[in-house]
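The block underneath contains the structure these notes are about, expressed in structure tokens.
The values are calculated or read from the model by the stated rules, or taken from the named source; none is laboratory data. Predicted, not measured: the structure shown is a model, and the values here were computed from it. Glycine also receives a Cβ, built like all others from the backbone with ideal geometry; neighbour counts cover every protein chain displayed. Just the protein is used for accessible areas: all its heavy atoms, side chains included, with ligands, DNA and RNA removed. Shrake-Rupley method; radii C 1.70, N 1.55, O 1.52, S 1.80 Å.
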Amino acid sequence: MILAPLFASALLVSPSWAAYVLKRNYYGQNFTSGFNFRTAADYDGGDPTGGFVNYLSYQAATNAGLVKVTNNQVYLGVDYSKKISTSAQGRDSIRMESKERFDTGLLIADIAHMPGSQCGIWPAYWTYNFDEDPYGEVDIIEYAMFDSGNTVSLHTCGACKFDLSGQPDCNLGDEAEQCPETDNSNFGGCGNTAPTGSCGDSFNSGGGGVYATLYEAAALKIWFFPRAQIPADITSGSPNPAAWSKPFVDFETSKSSNKCSVGKYFKKNTIIINTDLCGVEIDQDWWDGEPTCKKAAKDCKTFVANNPSAFAEAYWLFNSIKLYQQ
């Protein structure tokens, strides 16, 4: 009877640990079919964040060459072929929202290219609870213009406080329509800046990489892995977060100064991908503070309208987005 090896194997597997199983794979030709494409007509003013942008339907974006699949990689671009009027809705771009929502799971995005560092861009890959019951938003990738690092942030309506984050709380800010009753203006929410090479030109020059976001009932954690450092278990399709390095974002109910329930605020998550241009993030002060941009045009809208070729690198190239659950 060979008992010892079996007993040894049993010791290696914790009874409380369960493997992550692939539940949804946005990949190749089925990538876009899993998303709704929002258009300017869906929003009062054309963009909920005030951008100089014209979001296209899937068909219009495909016809314009802003959405295409090549070698199973999904290209999501911005028009870089024509000048437009500053009185137009804005430059053609994309905003996608996943048809399916999820509460808990491990969301892994393998990205080969994201919009390059450039005047006027404000791209994002994020999740959001549209029911706002209560409000919960996770900005996994968000940067603008020449940001040197991706700023990951969480937003609630003043509900969650994490002293370790360097911000007073995860509030969206008292000027936001979603949070009219809050009593401060921490518009940036709570979060952390991702490691070097996590966005824009530096990300692209490194061959891209992987963002992994773990949504649990009592914790939310985010990792960034450059292309050359992606764990073998992710590549093999058997991810094991317990074996990875320390996440650069680690929000846990147990570490919340006001015992915020992570699972209560970050649920019913819809995946969103968009490339905004100008908007509330890029105000005139920021524009004037960027010598390259200020020299090129008096303001963001004028630059975006008159310099189409500047947006040739303003595209996403996704290998896949995968959702694993236990």
>> As a test of the formula, what do you get for the chain when each DSSP H run with n ≥ 4 contributes -39,500 (n - 2.57) and the sum is divided by the residue count, at 222 nm and rounded to the nearest 500 deg cm²/dmol?
In response: -3500 deg cm²/dmol
>> Can you find, among 237, 317, 297, the residue sitting farthest towards the positive end of the charge dipole of the range 233-326, where Lys and Arg contribute +1 and Asp and Glu -1 at Cβ?
In response: 237
>> What is the percent carbon and sulfur in the accessible area of the chain, measuring with a 1.4 Å probe over the protein chains and ignoring ligands?
In response: 50
> Which is farthest toward the positive dipole end of the chain among 286, 160, 193, measuring Cα position about the Cα centre, with Cβ charges +1 (Lys, Arg) and -1 (Asp, Glu)?
Replying inline: 193
> Regarding the chain, what are the three Cα extents along the principal axes, ordered largest first, in Å?
Replying inline: 80, 50, 34
>> For the range 198-326, what does the accessible surface come to per residue with a 1.4 Å probe? Please give it in Å².
In response: 41
> Heavy-atom accessible area of residue 250 with all protein chains present, probe 1.4 Å, nearest 10 Å²?
Replying inline: 30
>> With +1 assigned to the C-beta of every Lys and Arg and -1 to the C-beta of every Asp and Glu, and no other charges, what is the dipole magnitude of the chain about the Cα centre in debye, to the nearest 20?
In response: 1180
> Given 25, 72, 135, which one lies farthest toward the positive end of the charge dipole of the chain, if we put +1 on the Cβ of every Lys and Arg and -1 on the Cβ of every Asp and Glu?
Replying inline: 72
